[in-house]
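Asker: Starting off with a structure, shown below.
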Amino acid sequence: MRQPDDQSRPADPRTAVPTPVRIAGWIASAQGLIGIVVAVVLAVRAIGGHREETVAISGYGTAIWFAILGGGLFAAGLGLLRGRRWGRGLVVIAELLLLFVAWYVGVGSGQYAAGIALAVVCAVALVSLFRRDAIAWYAA
């Protein structure tokens, strides 16, 4: 009786995913979940009749915006955690965009601590995705 060759079996994608990719996946999933929560809060406020007096902005439109972006980032983060390579590009783009948000929060709004915290989280995710083992995993 022939023994199965370990080389012929495909590797489990969950164990094959490098740690830096998992770190970026967790960060992106958390950021996406925050976006989804913000979307729900904005939708509930809009349903309750909340209106901004100084800005003509639609609570529903902003909620949809956060739901789409947060949902996409959440899905990409889960994709990375499950070993799906398609999530990497989405996470890289989202983290680059969030670096601009961090700049606005820190410098534009004067909330330096929040801006620095967001920038550090984004930088950790980006560095994780561009480490040598993460790039090798993506290229494989």
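The values are calculated or read from the model by the stated rules, or taken from the named source; none is laboratory data. Small disclaimer: the values here were computed from a predicted structure and weren't measured. Positions of Cβ are backbone-derived with ideal geometry, glycine not excepted, and every protein chain shown enters the neighbour counts. Calculation scope for accessible area: heavy atoms of the full protein, side chains included, ligands and nucleic acids excluded. Shrake-Rupley method; radii C 1.70, N 1.55, O 1.52, S 1.80 Å.
Asker: Going by what's in this entry, would Val44 be described as touching a residue at least 12 places away in the same chain (Cβ under 8 Å) and among the β-branched types (Val, Ile, Thr)?
Answerer: Working: touching a residue at least 12 places away in the same chain (Cβ under 8 Å): no; among the β-branched types (Val, Ile, Thr): yes.
Here the answer is no, as Val44 does not meet what is asked.
Asker: Pull up region 105-126, narrow it to residues that are without any contact (Cβ under 8 Å) to a residue 24 or more places away in the chain and surrounded by 14 or more Cβ atoms within 10 Å (Cβ to Cβ), then point me to the one that is farthest from Gly87 (Cα to Cα). Spell out the reasoning first.
Answerer: Residues of region 105-126 without any contact (Cβ under 8 Å) to a residue 24 or more places away in the chain: 105-120.
Add one more test, that the residue is surrounded by 14 or more Cβ atoms within 10 Å (Cβ to Cβ), and what stays is 105-106, 111, 115, 117-119.
On the way: Val105: 26, Gly106: 28, Gln111: 30, Gly115: 25, Ala117: 23, Leu118: 20, Ala119: 20 Å.
Taking the candidates together, the pick is Gln111.
Asker: Related question: Quick check on this structure: which one of Val92, Val44, Val38 is hydrophobic (A, V, I, L, M, F, W, C), surrounded by fewer than 13 Cβ atoms within 10 Å (Cβ to Cβ) and either at pLDDT 95 or above or more than 26 Å from Ala139 (Cβ to Cβ) (or both)?
Answerer: The unique qualifying residue is Val44.
Asker: Just to be sure I understand the filter: pairs with C-beta atoms under 8 Å, separated by 6 or more residues or on different chains, first member in region 64-82 and under 25 Å from Trp137 (Cα atoms) and open to solvent by 30 Å² or more (accessible area, probe 1.4 Å), second member hydroxyl-bearing (Ser, Thr, Tyr) and assigned to a helix (DSSP H, G or I). Which pairs pass?
Answerer: What qualifies is Phe74/Ser29; Leu78/Ser29.
Asker: Can you name every residue in region 1-35 that is open to solvent by 90 Å² or more (accessible area, probe 1.4 Å), part of a helix (DSSP H, G or I) and modelled with pLDDT under 65?
Answerer: Within region 1-35, Arg14, Thr15 qualify.
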